[in-house]
Every structure is written in structure tokens, then in C-alpha cells.
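Below you'll find the structure, written out as C-alpha cells, and then a few comments.
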Amino acid sequence: MKAKTAKESLSITTKVVLPNDTNTLGNLFGGQLLAWMDVISSVAAHRHCKRVVVTASVNNVSFQQPIDHSSIITLEAKVSRAFNSSMEVFVDVFVENPITGVQIKSNEAIYTFVAVDQNGGPIQVPELIPETDEEKERYAGALRRKQLSLILAGKMDPKDADELKKLFL
Ligand SMILES: CC(C)(COP(=O)(O)OP(=O)(O)OC[C@H]1O[C@@H](n2cnc3c(N)ncnc32)[C@H](O)[C@@H]1OP(=O)(O)O)[C@@H](O)C(=O)NCCC(=O)NCCS
């Protein structure tokens, strides 16, 4: 199976925050943003492996500032590392200044997708080759985050999390 670069999975979408997307304060509803992030990151995971993918976990979601209605926001998703059947995807969200057009980062999240066959069982995905400094940094931390996510999901015994333990030793 041929390895792929991170940029081959890059997926970008732009949204306008409409009234139906807002909370009672008139800002973007967090659940709506999560749904948009889920969709664009699944596209990135699909572009990496060209198979059906399902969301296995959502971690490190940050809502740093409220996003006003009528804002133009851009979501960028890219696979940061592929394991056996799972892929970690980073989503970066930017809000556009309506006057200057300058984009400021407002949110980030890390999704894990698993490629599945017609029976819903996990299947092998291609390796990922990081190229830029940021891609290499995210790749290096992905195994640690995978182990933490598995521990939180009750799927890994903390004493087996070798990569995570290196943080504390
Ligand atoms: C995701 C799913 C296919 C995993 O199936 P499973 O039987 O747990 O399979 P495994 O234990 O072999 O795990 C498969 C991979 O997922 C990874 N994984 C599973 N749960 C994870 C979690 N919480 N965080 C990170 N990775 C996870 C495993 O580490 C493994 O990765 P690897 O093959 O790259 O090493 C299965 O749990 C599922 O179908 N979940 C529902 C998905 C869904 O419907 N999502 C939509 C949101 S409701």
C-alpha cells in the first residue's frame, strides 16, 4: 500500500454563520461547529485511504472565542498520522475579518477515524509521510494522543501506554 503525504488529504470548506447555526446569545452554536469539523475531517481521512471511514473519537476541542453570526469561517483538515486502521486528523478553524479579510485561528480539534470494510470491520490504511515542520510535530505527538484517547475510552490499560509514559519520565 503506497504511503501518502499529509497534503494529499488537505480538505477545506468555508461557511457563513447563519441564524440557524447560532446559540441563544447569537453566536455560533458549538454543536454546529463540531458537526462541520466532523464532516471536513472525515473528507480528509477518506482522501487519505479512499475507504469508508467512521468517527472513533473527538479530542482536544477548543472554543477560544465566540464566533458572531454572519461570520465567514474556514475549516482546514489534514491527516496528521495513520496507524493500522485509524487516522488522526487535525482540524484548524479560522474566522475572517469582514473588512480586512485577514484570517485568525479560532478553534482546533483532533478527530480519529477508522477505515472500515463492508461489514464495519477495521481495515488497513496507507502510511502517512509528514513533510512540513508542523506536520512532523503533529505526527510525532499522535501516538501519545492515541494512547491517551484509548485510555479515556477504557480500551487501553495505562500501564501499556509506553509513549504516553515518556512524558512523565
Ligand atoms: C471505530 C470502530 C470501527 C472501532 O472498532 P473496534 O472493534 O473498537 O476496533 P479496534 O479495537 O480494532 O480498533 C480499531 C482502531 O481504532 C482505534 N480506536 C478505537 N477507539 C479509539 C478511540 N477512542 N480513540 C482512538 N483510537 C481508537 C484503535 O486504536 C484501532 O487503531 P489501529 O488499527 O490504527 O491501531 C467501532 O468502535 C465503531 O464502529 N464505532 C462506531 C463508529 C461510529 O458510528 N461513529 C459515528 C459517530 S456516532
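The values are calculated or read from the model by the stated rules, or taken from the named source; none is laboratory data. No experiment lies behind these values; they were computed from the predicted model shown. For accessibility, only protein heavy atoms count, side chains too; no ligands or nucleic acids. Shrake-Rupley method; radii C 1.70, N 1.55, O 1.52, S 1.80 Å.
Here are the numbers for this structure:
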read-out: Integer Hz, Karplus 6.51/-1.76/1.60 couplings in order for segment 21-31, x for Gly and Pro; value: 9, 9, 8, 5, 8, x, 9, 4, 6, x, x
read-out: Difference of contour (0.36 nm per residue) and Cα-Cα distance, Lys165 to Lys136; value: 8.4 nm
read-out: Built amide H within the under 5 Å cut-off of Met156, gap 5+; value: Ile151
read-out: Heavy-atom SASA rank of Thr55, Thr14, Thr24 (probe 1.4 Å, accessible area, largest first); value: Thr24, Thr14, Thr55
read-out: Principal-axis tilt of helix 133-152 within the chain, Cα atoms, nearest 10 degrees; value: 70
read-out: Cross-link reach list, lysines versus Lys136, counting only Cα pairs under 24 Å and skipping chain neighbours closer than eight places; value: Lys2, Lys4, Lys7, Lys50, Lys78, Lys105, Lys146, Lys165, Lys166
read-out: Karplus-derived HN-Hα couplings along segment 43-55 (A = 6.51, B = -1.76, C = 1.60, θ = phi - 60°), whole Hz, x at Gly and Pro; value: 5, 4, 4, 4, 4, 6, 10, 6, 10, 5, 10, 10, 6
read-out: Extension gain, Val58 back to Thr14 (0.36 nm per residue minus Cα-Cα distance, nm); value: 13.7 nm
read-out: Volume per residue that the Cα convex hull of the chain spans, once the total is divided by residue count, Å³; value: 144
read-out: Among Ile99, Ile72, Ile129: highest mean-square fluctuation, GNM of the chain, C-alpha pairs under 10 Å; value: Ile99
read-out: Sum of -39500 (n - 2.57) over DSSP H runs of 4+, divided by residues of the chain (222 nm, nearest 500); value: -8500 deg cm²/dmol
read-out: Amide H contacts of Phe83 (H built 1.01 Å from N, under 5 Å, at least 5 apart or other chain); value: Glu88
read-out: Extended-chain gain in nm, criterion 0.36 nm per residue less alpha-carbon gap, Thr74 and Leu25; value: 15.5 nm
read-out: Amide H partners (placed H, <5 Å) of Ala56, local residues excluded; value: Thr112, Phe113, Val114
read-out: Karplus 3J(HN,Hα) series, Hz, for segment 155-169 with 6.51 cos²θ - 1.76 cosθ + 1.60 (x for Gly, Pro); value: 9, 9, 7, x, 6, 8, 8, 4, 5, 5, 5, 4, 4, 9, 9
read-out: Accessible area of the chain divided out per residue, in Å², using a probe of 1.4 angstrom; value: 57
read-out: Relative contact order (%) - segment 1-141, alpha-carbon pairs under 8 angstrom, separation at least six; value: 30
read-out: Percent carbon-and-sulfur accessible area, segment 4-130, ignoring ligands, DNA and RNA, probe 1.4 Å; value: 54
